[in-house]
Amino acid sequence: MGKLKIKTGDTVKVIAGDHKGSEGKVQQVLIDKNKAIVEGVNMVKKHTKPSAQNPQGGIVEKEAPIHVSNLSLLTSNGETTRVGYKMEGDKKVRFSVKSNEVI
């Protein structure tokens, strides 16, 4: 597995699949599976058994992971961009390939 160009807290847009066009904030990145969980995107209904925490049980809606190849990072002005890396002094920073701004 390689390094992913999307991090927790990034704002991303879905560029392919059933949820194409929707945007959200990355809540979690699953590096080993190359997937990310995006707020409000790819919602699934999960049936839960009654337990001590949830005595009622029932159906819970939660976000399912979505593959990072279907996500594109958004710049500060809301356009999609690819991610590049460059050295600024002795620090490696991510930057937007489209607008050349540091992310």
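The values are calculated or read from the model by the stated rules, or taken from the named source; none is laboratory data. Owing to the predicted nature of the structure, the values given are computational and were not obtained by experimental measurement. All Cβ positions, glycine included, derive from the backbone under ideal geometry; neighbour counts span all protein chains shown. Accessible surface areas use protein heavy atoms only, side chains included; no ligands, DNA or RNA. Shrake-Rupley method; radii C 1.70, N 1.55, O 1.52, S 1.80 Å.
Per the 1.4 Å probe, what fraction of the accessible area of the stretch 14-103, in percent, lies on carbon and sulfur atoms?
The nonpolar share, carbon plus sulfur, comes to 49 percent.
For each pair in Lys13/Lys35; Lys13/Lys91; Lys7/Lys92, compute the distance between the two Cα atoms and list the pairs where it is over 24 Å. Cα-Cα > 24 Å for Lys13/Lys91; rest within. Remark: the stretch 6-21, residue by residue, has Karplus-estimated 3J(HN,Hα) of 10, 10, 4, x, 5, 9, 10, 10, 7, 9, 8, x, 4, 9, 3, x Hz, where x stands for each Gly or Pro and the curve is 6.51 cos²θ - 1.76 cosθ + 1.60 at θ = phi - 60°. Each residue of the stretch 28-33 was assigned a 3J(HN,Hα) from its phi angle through the Karplus curve 6.51 cos²θ - 1.76 cosθ + 1.60 (θ = phi - 60°); the sequence is 7, 10, 9, 5, 5, 9 Hz, with glycine and proline shown as x. In this Cβ point-charge picture (+1 for Lys and Arg, -1 for Asp and Glu), the chain has a dipole of about 280 debye about its Cα centre.
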